[in-house]
Amino acid sequence: MANDYLSLFIADINRAYEGMVWSIEANPPALAQAGLHARDLADALGSVGLSQLSALTDDVSRQLSLEQSSVLPIAQNLVELLKRALFALEQSDDMVMSSAHLEEIQRLSGDLLVLLGGASFQSPQMQIMVDDWGMPAEQGPSDSEATLAENNASASTLTASSTLSNPVVIDPREFVSSAGVIAQRRAGLNLVQRIRQMLSAQNLPTNKSIDFLLSEHQDALSALGQVALTSVLAELAADMVVDGVYADADVVDTLVSAISVLPKAQRLVANKQALTLFIDLYGVQFEQSHMHLAGEIIAKAQGRIGQEHDRLRITMPASLKRMRFLPFKRGSDYFVVSWAQLLSISNVDGQFAVSDVLGSALGCDKVLRLSSGCMHEVLHANEVFPIVNMNSFALPSVLSGPYWMKGIALDDASSPYSWVAV
């Protein structure tokens, strides 16, 4: 039986799988709808560390979304593979794929590449996966692998520029799939997390320094596949200082959207520290309507915006997959909030009943003051813990939960905390 952590995502995986099956088996097949379900399924598989299946499902979803009926045989074979793999996942406490599953994933990936007109090369992320599985490679490292290693820190999303009816052979030296890199990143983060959980269970004093190094390794892994801000913010300010700053593509999209609704800044300075972006905008002649609109956008990425002296400052996580959190306890429950939204922590008289987004509370002698976008909020707590970086998992859309619950975060022992989005 899958553990409690995996069970949070198995329902999402099964729902997306069933939607994909229903869409493919419809008469006629609903290819575009199947592509959407396959995209959700790829995300869910990546969240539980099944990076090989995630990358393959993502490739198939992209072609289904283009409504290419030629990919149906591969999609149908993938459905059968997923059926067996998901059954194994539900019966296990681990994410271990059998050799038969791995070989079938590799075969289907090869079939898909042939269908796309790229039979002369193997995609970089699939080559990495083959190496990780321990399968013998037919040849030494290719130029494409070297290119991926050099560019995975600044990989961007591959835009489909061909259809099955008019295939274009892509130069492997230019083929860097962000989806593949991100799937590998998630697998690496989860693997290190499992090691940290084992160390925590041993509870040896000597393991503390090892756990610290593993945590730093997770922080470094989180930079893989991130996008350089230099390439996307170029037109948003007259003068810019953003070199060497990277963030996840979805975070960058949010940042661009928020800055775009503000009047153009004279100067933009970006820094990244402790998994967090600090964007300073100088010379912005804004109105409150601009601030509220930008704040609504930034709040979705667990950040805040506010005026500090002579500048507007945007503070937000560089990734929503591994973040800096403030953990706290209320009653018997454990929660976290985005550190990027924290303004202050103070003591209060806990003898009186209070209420906030988490409901009624009694005996809470700590108050957390937060800024979600540009709106100020408060949360009450019995105990507040030191700030820590954690792996985080957004709650799948098909799972129900309190309106304030963004997902879960895992500490060094893989104990879950409810992720509060005020």
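The values are calculated or read from the model by the stated rules, or taken from the named source; none is laboratory data. In this text, all values refer to a predicted model and were calculated from it rather than measured experimentally. When we count neighbours, we look across all protein chains shown, and the Cβ atoms used for this are built from the backbone with ideal geometry, even at glycine.
Pairing residues of the stretch 393-409 that are over 17 Å from residue 301 (Cβ atoms) with residues that are in a loop (DSSP other than H, G, I, E, B) and at pLDDT 75 or above, at Cβ distances under 7 Å and at least 6 apart in sequence or on separate chains, gives 401/395. Checking 238, 234 one by one, the residue that is assigned to a loop (DSSP other than H, G, I, E, B), hydrophobic (A, V, I, L, M, F, W, C) and under 30 Å from residue 292 (Cα atoms) is 234 and no other. With the condition kept exactly as written, say whether any residue in the stretch 262-279 is touching a Lys or Arg at 6+ places or on another chain (Cβ under 8 Å), surrounded by fewer than 19 Cβ atoms within 10 Å (Cβ to Cβ) and farther than 21 Å from residue 337 by Cβ. Within the stretch 262-279, not a single residue is touching a Lys or Arg at 6+ places or on another chain (Cβ under 8 Å), surrounded by fewer than 19 Cβ atoms within 10 Å (Cβ to Cβ) and farther than 21 Å from residue 337 by Cβ. Can you name every residue in the stretch 313-337 that is buried (at least 23 other Cβ atoms within 10 Å of the Cβ), out of contact with any helix residue (DSSP H, G or I) (no Cβ under 8 Å at 6 or more places or on another chain) and free of Cβ contacts under 8 Å to residues at least 60 places away in the same chain? Result: 328, single match. Considering every residue within the stretch 199-207, establish whether at least one is surrounded by 17 or more Cβ atoms within 10 Å (Cβ to Cβ), in contact with a strand residue (DSSP E or B) (Cβ under 9 Å, 6 or more places away or on another chain) and not polar (S, T, N, Q). The answer is no, given that none of the residues of the stretch 199-207 is surrounded by 17 or more Cβ atoms within 10 Å (Cβ to Cβ), in contact with a strand residue (DSSP E or B) (Cβ under 9 Å, 6 or more places away or on another chain) and not polar (S, T, N, Q).
Residue-by-condition table, conditions (1) at pLDDT 90 or above; (2) within 27 Å of residue 184 (Cα to Cα); (3) outside the structural domain of residue 309 (by TED's automatic domain parsing):
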position: 219; (1), (2), (3): yes, yes, yes
position: 245; (1), (2), (3): yes, yes, no
position: 260; (1), (2), (3): yes, no, no
position: 267; (1), (2), (3): yes, no, no
position: 282; (1), (2), (3): yes, no, no
position: 286; (1), (2), (3): no, no, no
position: 296; (1), (2), (3): yes, no, no
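Every test in (1) within 26 Å of the chain's Cα centre (by Cα); (2) outside any helix (DSSP H, G or I) is passed by residue 284 save one, and that test is (1).
Taken over the stretch 200-213, the residue count meeting the criterion of being outside any loop (DSSP other than H, G, I, E, B) and free of Cβ contacts under 8 Å to residues at least 60 places away in the same chain is 7. Of all the residues in the stretch 365-392, those that are free of Cβ contacts under 8 Å to residues at least 60 places away in the same chain and either farther than 23 Å from residue 411 by Cα or loosely packed, with under 14 Cβ neighbours inside 10 Å (or both) number 6.
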